[in-house]
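The values are calculated or read from the model by the stated rules, or taken from the named source; none is laboratory data. Not measured: the values here are computed from a predicted model.
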Amino acid sequence: VSVYGAQLSSEACRELGFSSNLLCSSCNLLGQFNLNQLDPFCRQCCQEEAQLETRKV
């Protein structure tokens, strides 16, 4: 599992308001909405697109 730093548990991510289907590419959009302070948490809760594809199989 490739993550940026430590990964939070799915429960912790839900408590922070992040979806279990959160894609890391979505974290890149936070800056557009002046939500950069959420980026570290987003990165700990997101899934890389490649990982999501392998799970569908």
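Hey, can you tell me all the residues within the range 21-57 that are modelled with pLDDT of 90 or more and small (Gly, Ala, Ser)? Once the filter is applied, which keeps residues that are modelled with pLDDT of 90 or more and small (Gly, Ala, Ser), the range 21-57 yields SER25, SER26, GLY31.
Residues in the range 22-35 that are assigned to a loop (DSSP other than H, G, I, E, B) and either over 8 Å from the mean Cα position of the chain (by Cα) or of a type in the set (Val, Ile, Thr) (or both): ASN28, LEU29, ASN34, LEU35.
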